[in-house]
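Just below is one structure, and these are the notes that go with it.
Read the figures in this text as sums done on the coordinates, not as results from a lab. Predicted model, so just to flag it, every value in this text is computed and none were measured. FYI the Cβ positions are ideal-geometry reconstructions off the backbone, even for glycines, and counts take in every protein chain you see.
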Amino acid sequence: MKILVIEDEKELRAIMKESLEKERYVVEVAESFKRAIEKLIGYDYDCILLDIMLPDGNGIDVLREIKRMGKEDSVIIISAKDSIDDKVMGLELGADDYLTKPFHLSELLARIKSVLRRKHQQGFQSVKWNNIEIFMDERTVKVNETPMVLNNKEFELLYYFVVNANRLVTKSSLAEHIWGDNMDEADSYDFVYSQVKNLRKKLKTHQADANIQSVYGMGYKLVQE
């Protein structure tokens, strides 16, 4: 899962990034309105943590840009301003939640998990596809009710494939989503191929009703076996 933290306070930004990475999220950061827009133009995220007060603009205007671009990234507004007007405006513009500073990191993590469940799992604790069931919060997978052990990247790949089942997933989108925006600098996507190969073996061993098809020159598609 990939998160963008838009926050101008350097110390808080670093704390949030470190905390989220400990939860195994891929985390990118932006410290200003300009940098946030650059990130949003180039990449997609599962969740955006958006500060309202930025040094060169307003977080509400960032939210307007997100919606103008037609993006479906979930947004949690984070602000030191406990203003009803700001909350109402943010939610009416399409934000998924609103958290007032100061906050506990445990509450932030709980809210992130909540919006992601609503986005990908219709609010359920797990997501199912054929005989596969993925529990995102516990980061566990079952096939025919039998646990399947995956490493962190394999888990993220499987989840990404399942929530995009029957759709073409490009190698670049996989790399960006699982490894972060700096994968643009990679010379090749051999590391993607290696992880997909290992995941295929484990799915076959556990008799999962899933087939990760290669689409020549483009990427992959998860289809029913």
* To do: Any chance you could give the angle, 0 to 90 degrees and rounded to 10, that helix 105-121 forms with the longest Cα principal axis of the chain?
  => 50 degrees
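Cα-Cα over 28 Å: which of LYS128/LYS171; LYS119/LYS221; LYS87/LYS221; LYS2/LYS67?
Values: LYS128/LYS171 23 Å; LYS119/LYS221 21 Å; LYS87/LYS221 39 Å; LYS2/LYS67 18 Å.
Over 28 Å apart, Cα to Cα: LYS87/LYS221.
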* **With Cα atoms, 0 to 90° folded angle of helix 190-205 axis to the chain main axis** => 60 degrees
* **Interchain or long-range residues, amide H under 5 Å from LEU54's placed H** => GLY59
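May I ask you to order 43-56, 200-213 by the average number of other C-beta atoms within 10 Å around their residues, highest value first? Working shown, then result.
Working: 43-56: 20.1, 200-213: 15.8.
Top of the packing list down: 43-56, 200-213.
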* Residue by residue, what Karplus-based ³J(HN,Hα) values in Hz, rounded to whole numbers, does segment 38-45 have, using 6.51, -1.76 and 1.60 with θ = phi - 60° and x for Gly and Pro? -> 4, 5, 5, 5, x, 9, 10, 9
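Take the alpha carbon atoms of segment 79-163, find their radius of gyration, then divide it by 2.2 N^0.38 Å using N residues; give the quotient.
Values: Rg = 16.5 Å, N = 85, 2.2 N^0.38 = 11.9 Å.
Dividing the Cα radius of gyration by 2.2 N^0.38 Å gives 1.38.
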* Structure fact -> Taking 93-99, 18-24 and ranking on average Cβ neighbours within 10 Å, highest first, one gets 93-99, 18-24
* Structure fact -> Interchain or sequence-distant (5+) residues whose placed amide H lies within less than 5 Å of the amide H of MET148 are VAL141, LYS142, VAL143
* To do: Could I have the simple spin-label model distance between VAL149 and GLU107, label points 7 Å from Cα toward Cβ, reported in nm to one decimal?
  => 3.9 nm
* To do: Only Cα pairs under 8 Å and at least 6 apart count here; give the relative contact order of the chain as a rounded whole percent.
  => 15 percent
* Search the structure for amide H atoms under 5 Å from the amide H of TYR98, placed 1.01 Å from N in the peptide plane, and list their residues when 5 or more places away or on another chain. => ILE77
* Using the Karplus curve 6.51 cos²θ - 1.76 cosθ + 1.60 with θ = phi - 60°, work out ³J(HN,Hα) for each residue of segment 62-71 in order, rounded to whole Hz, and write x for Gly and Pro. => 4, 4, 4, 5, 4, 6, 5, 6, x, 6
* Asked: How big is the charge dipole of the chain about its Cα centre, in debye rounded to the nearest 20, if each Lys and Arg gets +1 on its Cβ and each Asp and Glu gets -1 on its Cβ?
  -> 920 debye
* To do: Over the Cα atoms of segment 15-108, compute the convex hull volume and normalise it per residue, giving Å³.
  => 95 Å³
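How long are the three semi-axes of the equivalent ellipsoid for segment 135-225, computed from the Cα gyration tensor as the root of 5 times each eigenvalue, in whole Å, largest first?
Working: eigenvalues 95, 45, 25 Å².
Computed over segment 135-225, the values are 22, 15, 11 Å.
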